[in-house]
């Protein structure tokens, strides 16, 4: 079982690692043709989420999403807001603990909702290159327990982020670079991999 207090600790730990990587994420963004502000944007998002509260998974995830919609701005906050809203919608009413099956459903719901917000999929050099394989790995590993779910999700997210180095960007300003966007790791995929790595490290 994963308790709400454990999950809040995981989110806080992800925030610490995201803040530590702020400069690197912005450098990756600039190198691949973006605005060079992804580090700032993802840190702003986590600072907003740090103020969220809730007594069960559904209300906490909804509060995280609302914090992004109300206090942060830009595409990063919109995407993460949709992801967290989908997770909240999939969470059971009043639950302060999730078993492996419920956790898989929550993360699956988040990915499904985000899929309505962005057309990006694996191969497009976006955060989805890390999130989609991470979610699929998490769901498929549910028989091994909570720790295995996040460990395998983190490994899949890292592999997905690394794979973006060979991809040509198809979204955002980076797509204007064409083949010149090939080479650097996508910043959004890198920060998503960082989040799952923090989750895996903390849930142990």
| Which residues, counting only those in the range 47-78, are at pLDDT 95 or above, surrounded by fewer than 16 Cβ atoms within 10 Å (Cβ to Cβ) and closer than 21 Å to residue 16 by Cβ? | 47, 50, 53
| request: Among the residues of the range 20-46, write down those that are farther than 26 Å from residue 168 by Cα, surrounded by 19 or more Cβ atoms within 10 Å (Cβ to Cβ) and either out of contact with any helix residue (DSSP H, G or I) (no Cβ under 6 Å at 6 or more places or on another chain) or in contact (Cβ under 8 Å) with a residue 60 or more places away in the chain (or both). | output: 44
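Every residue in the range 145-157 that is surrounded by fewer than 21 Cβ atoms within 10 Å (Cβ to Cβ), part of a helix (DSSP H, G or I) and touching a helix residue (DSSP H, G or I) at 6+ places or on another chain (Cβ under 8 Å), please. Talk me through it step by step, then tell me what you get.
From the range 145-157, those surrounded by fewer than 21 Cβ atoms within 10 Å (Cβ to Cβ) are 145-148, 155; that's our starting set.
Then keep just the ones that are part of a helix (DSSP H, G or I); that gives 146-148, 155.
Correct list: 146, 147, 155.
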| query | Identify, please: which residue in the range 158-183 is modelled with pLDDT of 80 or more and assigned to a loop (DSSP other than H, G, I, E, B) and is, among those, nearest to residue 37 (Cα to Cα)? | reply | 169
| message | So in the range 108-127, with the set limited to residues that are in contact (Cβ under 8 Å) with a residue 40 or more places away in the chain and surrounded by 24 or more Cβ atoms within 10 Å (Cβ to Cβ), which one is nearest to the chain's Cα centre (by Cα)? | response | 127
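The values are calculated or read from the model by the stated rules, or taken from the named source; none is laboratory data. As the structure is a computational prediction, the values presented were derived from the model and not from experiment. With ideal geometry, Cβ positions are generated from the backbone for all residues, glycine too; neighbour counts draw on all protein chains shown.
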